[in-house]
Amino acid sequence: MRSRFVLAIFSCGGFFLCRVSIQMITTTSKVYSCLPAFTSMHNFMGQRFMYKASSDVLFERESNTDGQLQNFPLSSYETAMEKISSLITRQRRGEKPPIANKLEMMSLYLKILGLEEDINKLNIIHVAGTKGKGSTCIFCEAILKECGFRTGVFTSPHLIDVRERFRIDGIDISEDKFLQYFWDCWNRLEENTTEQLSMPPLFLFLTILAFKIFISEQVDAAIIEVGLGGKEDSTNVIKQPTVCGITSLGMDHTEILGDTLEQIASHKAGIFKPKVPAFTVPQPPEAMDVILERAKELMVPLEVTEPFDCKQMKGLKLRLSGDHQFYNAALAVSLSRCWLQRTGNWEKKFQNVSNLPDEFIRGLSTAHFSGRAQIVYDNYPNSDCSEILSKNCGGELIFYLDGAHSPESMEACAKWFSNAVREYEIPSDLSFELKNAEEFSENGHILHERKTLEQFEKSFRRILLFNCLDVRNPHILLPRLVSTCASSGIHFSRALFVPNMSKYSKVTSGASVISSDFHGIDLSWQFNLQRIWEKIMHGKEMTTSVEKDFKIDSKEILPPPEFLYDNASSSGFSRNYLPRSTVIPSLPLAIKWLRDCAKEHPSTRLQVLVTGSLHLVGDVLKLLKR
């Protein structure tokens, strides 16, 4: 006897209602799943998912590796999110963590779970850096996966769901497996807490969980991204990596790592291990001197990679967009080649290959990483339209998403955005390529659409949707963005400043409820960003104060659609917005307003750059997917 859950799904007024009943049935030990009783239609522009039920759906739990049914309650995933949220330390974002002996604690936790020795058996690529370390890890993953190896990748932060941090063979870990490994770690650690050893803080726990997952899943290659710094990061419990890498360095997290490049480089080079090969990209001289000195102390064979030569791609392109990815790709190629050599696999697979192997090319051309130089075509105002692009069924709304939040990454973001939007201005031939096509095709194939004169007769409006954490410096970020775009002839028509939905104090899932209540919200930071923006636009401080007159209950809480389309000089001043910018009290409200504007003005293409924070980018993606 065992339980079977009968789940009926039906649609009512655009909402999905579920009816669950429990039956006791007699069956064999084999676990059956009858999920394909309903069909799913994927709207690739914005990945809005609509499900239609044709009959009752039988749902049964998956078995674990021992063939036993997992005893997780239906709400287990949300319960796990609550448990994870309880690990968030209460110090202010940007402050130094209170844990002085982090690596010693990591060792104790790993001993409790029996993982300490097993970590040394993982063939680890350990990557630190200021910019591009996540992209480099994803490139390595794609390359080694194409070479036939089982890969595990640990990156941070996540955009929508915490499971994004743990990838197996290029795919986020499944919810069932996540719960299996999560509760195993959680329960065993909780049972062994003492006054001297409490539950680990958030990132330590997630690092432990990553090791647990990769060891249990028996990955061939574990690719580990450093969380913060390197020397004192929880991932630096790794004692015997196969190879280490350092991506481009810059000024970030200075309140923790130090306010000079030398200090920052010292933290990053802290992941080097005696005689273990390491690679880095060209660095500023003061940073490179520190890296070289550390490598010399530990007798580390260190190699500096040059930017990737696209001629090696045999006509294909890097899947991750932006000139900065040439450095990340080159570093990934060196790290992957070294990993193959040190694990004895290079000679087996590529003994007589002198050029870049085809497997490497396929990996570089198919790697995907959400929220980094990503383009999403949104056709929400015309959800019934079957066109790939909405040019024939309403206004066009295109989101350009990049989580840049440092001066250097903001400049790279601006260059990418400028190049991406200019592709629409002058047709070079009769077809064009959709960048970062994971939003349009599940199998990685690039989609093509014929250009028509109608597309290029449309007017353009470039809009900035921006927020950043208050530990960042918008006085540097915003001018760098504007000046870099302007140098390419790209100018923003308007700017929208919004608060994030996600909170640093809570970990949520992709299915978590999105609150529409914005009453009582503190918008002082957004008004500060607006003042900086207006000074950049006009060359002087604002003389009009919007903040003191802002009425969150006002009918004018949102500007009229004409705000986007009128010339700035002719736009009238309102209590709640200025001619070139506005503060919107919630992100869902901002997205809905942009969609309404696109629908009302089908002859105009809205190109919206979302940047300043990976949290903002993740929140936008969550909304677009709904």
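Can you give me the number of residues within region 588-626 that are part of a helix (DSSP H, G or I) and β-branched (Val, Ile, Thr)? So the count comes out to 3.
When you look at Ile536, is it modelled with pLDDT of 90 or more, over 22 Å from Pro157 (Cβ atoms) and under 26 Å from the mean Cα position of the chain (by Cα), yes or no?
no
Cβ-Cβ contacts under 8 Å between residues 6 or more apart (or on different chains), taken from a first residue in region 189-200 that is within 12 Å of Tyr109 (Cβ to Cβ) to a second residue that is among the β-branched types (Val, Ile, Thr) and outside any loop (DSSP other than H, G, I, E, B), are listed as Leu189/Ile112; Leu189/Ile208; Asn192/Ile112; Pro200/Ile208.
Quick check on region 596-615: of everything there that is of a type outside the set (A, V, I, L, M) and touching a strand residue (DSSP E or B) at 6+ places or on another chain (Cβ under 6 Å), which residue is nearest to Ser502 (Cα to Cα)? Per the stated criteria, the residue is Gly612. Every condition in (1) more than 25 Å from the chain's Cα centre (by Cα); (2) open to solvent by 20 Å² or more (accessible area, probe 1.4 Å); (3) over 30 Å from Ser409 (Cβ atoms) holds for Leu103 except the one numbered (3). Selection of region 112-129 for residues being touching a Leu at 6+ places or on another chain (Cβ under 8 Å) and part of a strand (DSSP E or B) yields Ile125, Val127. Scanning region 338-376 for residues that are within 30 Å of Glu411 (Cα to Cα) and not hydrophobic (A, V, I, L, M, F, W, C) gives Arg362, Gly363, Ser365, Thr366, His368, Ser370, Gly371, Arg372, Gln374.
Out of all the residues in region 192-201, is one or more buried (at least 20 other Cβ atoms within 10 Å of the Cβ), closer than 26 Å to His615 by Cβ and under 22 Å from the mean Cα position of the chain (by Cα)? No, that holds for no residue.
Each row is one residue, and each column tells you yes or no for (1) open to solvent by 10 Å² or more (accessible area, probe 1.4 Å); (2) in contact with a Leu (Cβ under 6 Å, 6 or more places away or on another chain); (3) at pLDDT 85 or above; (4) of a type in the set (A, V, I, L, M).
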| residue | (1), (2), (3), (4) |
| --- | --- |
| Phe573 | yes, no, no, no |
| Tyr577 | yes, no, no, no |
| Ser581 | no, no, yes, no |
| Leu587 | no, no, yes, yes |
| Ile591 | no, yes, yes, yes |
| Asp596 | yes, no, yes, no |
| Lys599 | yes, no, yes, no |
| Ser603 | yes, no, yes, no |
| Leu606 | no, yes, yes, yes |
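Given the structure, is Arg163 among the charged types (D, E, K, R) and closer than 14 Å to Ala221 by Cα? No, not satisfied.
Taking each residue of region 106-130 that is at positive phi and looking for partners that are assigned to a loop (DSSP other than H, G, I, E, B) and crowded, with 17+ Cβ neighbours inside 10 Å with beta-carbon atoms closer than 8 Å, six or more apart or interchain, yields Gly129/Val226; Gly129/Thr247; Gly129/Leu249. Of all residues in region 184-212, those that are within 13 Å of Leu113 (Cβ to Cβ) and not in a loop (DSSP other than H, G, I, E, B) total 16. Can you find a residue that is open to solvent by 50 Å² or more (accessible area, probe 1.4 Å), touching a Lys or Arg at 6+ places or on another chain (Cβ under 8 Å) and aliphatic (A, V, I, L, M) anywhere in region 282-303? Yes, region 282-303 has at least one match.
Quick check, is Glu146 of a type in the set (Asp, Glu) and open to solvent by less than 30 Å² (accessible area, probe 1.4 Å)? Criteria not met by Glu146. In region 280-378, which helices (runs of 4 or more DSSP H) lie fully inside it and hold 2 or more residues that are in contact (Cβ under 8 Å) with a residue 12 or more places away in the chain? By residue number, 285-297, 325-342, 358-366.
Might you let me know whether region 485-492 holds any residue that is open to solvent by less than 80 Å² (accessible area, probe 1.4 Å), more than 26 Å from the chain's Cα centre (by Cα), on the phi > 0 side of the Ramachandran plot and modelled with pLDDT of 85 or more? Within region 485-492, one or more residues are open to solvent by less than 80 Å² (accessible area, probe 1.4 Å), more than 26 Å from the chain's Cα centre (by Cα), on the phi > 0 side of the Ramachandran plot and modelled with pLDDT of 85 or more.
The values are calculated or read from the model by the stated rules, or taken from the named source; none is laboratory data. Everything numeric here is computed off the predicted structure, so don't read it as measured data. When we count neighbours, we look across all protein chains shown, and the Cβ atoms used for this are built from the backbone with ideal geometry, even at glycine. Heads up: the accessible areas ignore ligands, DNA and RNA and are worked out on the full protein's heavy atoms, side chains in. Shrake-Rupley method; radii C 1.70, N 1.55, O 1.52, S 1.80 Å.
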